[in-house]
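Colleague: Handing you a structure now.
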Amino acid sequence: MKIEEIDKIKLEYLKIEDYLELKDAMIQSYQSMPEAYWKKSQIRSLIEKFPDGQVVIKINDQLAGCALSIIVDYDEFSDSHTYMEITQNYTFDTHNDEGDVLYGIDIFIKPEFRGLRLGRRLYDYRKELCEKLNLRGIAFGGRIPNYHKYQSDLSPKEYIEKVKRKEINDPVLNFQMSNDFHPAKILKGYLDGDTLSNEFAVLLEWDNIYYQKPSKKAATKKKVVRIGLIQWQMRPYKNFEELMQQAEYFIDAVSGYRSDFALFPEFFNAPLMAENNHLSEPDAIRELATYTESIVQKFSELSISYNINIISGSMPEIKDEVLYNVGYLCKRDGTIERYEKLHVTPDEAKVWGMRGGTQLKAFDTDCGKIGILICYDSEFPELSRILADEGMDILFVPFLTDTQNGYSRVRNCSQARAIENECYVAIAGSVGNLPNVHNMDIQFAQSMVFTPCDFSFPTNGIKAEATPNTEMILIADVDIGLLRELNRFGSVRNLHDRRKDLFTLSKV
């Protein structure tokens, strides 16, 4: 399946009603072992014992992949266990809610859906589940189906060493290691009938660095969101494809750190105006608007492929012959949301004939509610206060500023928004220069993540900051749980203490 054919992608718990579709997917996925599919009674047993461990990915409501897991007390098994032992003869009676390791029973993607990085989504879910349940790690026996090609010349240990050194390409083992699983041991006679692996498997493990030994003390589980900011370098690009290749490079980079969001700056696509420098400035920006639909479509595909929510910064867009400054939130479930710049700068209005939009709302995401304000809008506190009233936890501000004083306005106002709305604020801008693009000559930026100022946060209210005027990415974790504590127990409580008896704020 091609990415452009995807309307909806979702991860959901496996239900027994999915069994027939699941069976067909297993048969297609394990063609070398045509009888290697789970019986309906076994799937029902897994769902009853550990429903959170059984998930499927569906694309356009069609089952595309599956991951099955149990929890085990790992000390009950030796490092030389077999698949039959770990599952207790496929009954899964080894599942123990009080165990300490999440054990992967099965994971597969239907052949027609491979290449969309769906396997990484399933592994990411397992990691998040492991962290949520406070388990010390994940383990499973990984097949090495390419080993049969080398078994006459190499031992399993030699084969794995060559795979690790990239001398042999094993797509299964390479994929597992690229997802942070490390080989711990060779398992002999692991899976009956796996002739391609010569019945060998590799014990693969992932360690939960957040694991804490269980204690009787009460603990509050935190919801941590990882933000990836792209401090974009303005430079000449030959064409649209080259610009989007650079955009994908950065998306790949921030998603490689398991970021939940990627934030691009305002007008990051401005280099494409160079080819229209012979036109008047209003005509050139309108030509740039012809790329917007293609950029949004590509970003939506990348958000699915890289499993990350992409905030597109902003781009010019023409609606009913009126020029606006807009952006799109491309969610990793395949849905797309639009936001507008409400206050255009005097320069945008005078030089380009741009008008301000009218839409303001907080967006629901898989990481909670967020708000997005484009550059100049961050300097109007009413907007972010309305978004805070709608439940916003993170405010994203894509910006473009040419001088340091212009940057300082955005920076200082954004930090004020974090304090007064008790939220996180992430700002991302462009650096460099475009000598061949009128009205876009120079850029100044320092991308940052701001926090409220209280005991649980940095004393200066800055969580992370990029190097000024340098192309780079900035990765930062923000803890939504800390905001909840601040709302209730903060030294000051800006949201709670507003004098609503004196003034009110509402959208028209």
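Colleague: Name the one entry in Ile160, Ile109 that is closer than 21 Å to Asn198 by Cβ and modelled with pLDDT of 90 or more.
Modeller: Of the residues listed, the single one that is closer than 21 Å to Asn198 by Cβ and modelled with pLDDT of 90 or more is Ile160.
Colleague: Moving to a separate point now. Scanning the stretch 39-65 for residues that are over 24 Å from Arg136 (Cβ atoms) and free of Cβ contacts under 8 Å to residues at least 40 places away in the same chain, which turns out surrounded by the most Cβ atoms within 10 Å (Cβ to Cβ)?
Modeller: Per the stated criteria, the residue is Ile43.
Colleague: Residues to consider are Leu116, Leu68; find the one that is aliphatic (A, V, I, L, M), in a loop (DSSP other than H, G, I, E, B) and either touching a residue at least 24 places away in the same chain (Cβ under 8 Å) or in contact with a Phe, Trp or Tyr (Cβ under 6 Å, 6 or more places away or on another chain) (or both).
Modeller: Leu116
Colleague: Now, a different point. For the stretch 178-187, which residues satisfy the criterion of being within 23 Å of Ile109 (Cα to Cα) and at pLDDT 90 or above?
Modeller: Once the filter is applied, which keeps residues that are within 23 Å of Ile109 (Cα to Cα) and at pLDDT 90 or above, the stretch 178-187 yields Phe181, His182, Pro183.
Colleague: Also, quick follow-up: Six or more apart or on different chains, Cβ atoms under 7 Å: show the pairs whose first residue is in the stretch 391-405 and acidic (Asp, Glu) and whose second is crowded, with 23+ Cβ neighbours inside 10 Å and at pLDDT 95 or above.
Modeller: The qualifying pairs are Asp393/Ile370; Asp393/Cys423; Asp393/Tyr424.
For every residue, the table says whether it meets (1) within 27 Å of Glu98 (Cα to Cα); (2) surrounded by fewer than 19 Cβ atoms within 10 Å (Cβ to Cβ); (3) touching a His at 6+ places or on another chain (Cβ under 7 Å).
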residue	(1), (2), (3)
Ile138	yes, no, no
Tyr150	no, yes, no
Ile168	no, no, no
His182	yes, yes, no
Gly193	no, yes, no
Leu196	no, yes, yes
Ala201	yes, no, no
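Colleague: Tally the residues that are closer than 19 Å to Leu272 by Cα and either crowded, with 17+ Cβ neighbours inside 10 Å or touching a His at 6+ places or on another chain (Cβ under 7 Å) (or both), restricting the search to the stretch 292-338.
Modeller: Qualifying residue count for the region: 17.
Colleague: Which of the residues spanning the stretch 155-188 are part of a loop (DSSP other than H, G, I, E, B) and touching a strand residue (DSSP E or B) at 6+ places or on another chain (Cβ under 9 Å)?
Modeller: If the condition is that a residue be part of a loop (DSSP other than H, G, I, E, B) and touching a strand residue (DSSP E or B) at 6+ places or on another chain (Cβ under 9 Å), then Ser155, Asn179, Asp180, Phe181, Lys188 are the ones that fit.
Colleague: Can you list the strands (runs of 3 or more DSSP E) lying wholly within the stretch 425-471 that have 3 or more residues being within 18 Å of Ile227 (Cβ to Cβ) and not aromatic (Phe, Trp, Tyr)?
Modeller: In the stretch 425-471, the matching strands (runs of 3 or more DSSP E) lie at 462-465.
Colleague: Filter the strands (runs of 3 or more DSSP E) completely within the stretch 274-330 down to those with at least 2 residues that are hydroxyl-bearing (Ser, Thr, Tyr). Even if it seems obvious, please write down each step before you answer.
Modeller: Numbers: elements: 309-311, 315-319, 322-330.
Fully inside the stretch 274-330 and qualifying: 322-330.
The values are calculated or read from the model by the stated rules, or taken from the named source; none is laboratory data. Note that the structure is predicted; figures quoted are calculated from it, not measured. Methodologically, a virtual Cβ is constructed for each residue, glycine included, from the backbone with ideal geometry; neighbour enumeration extends over all protein chains shown.
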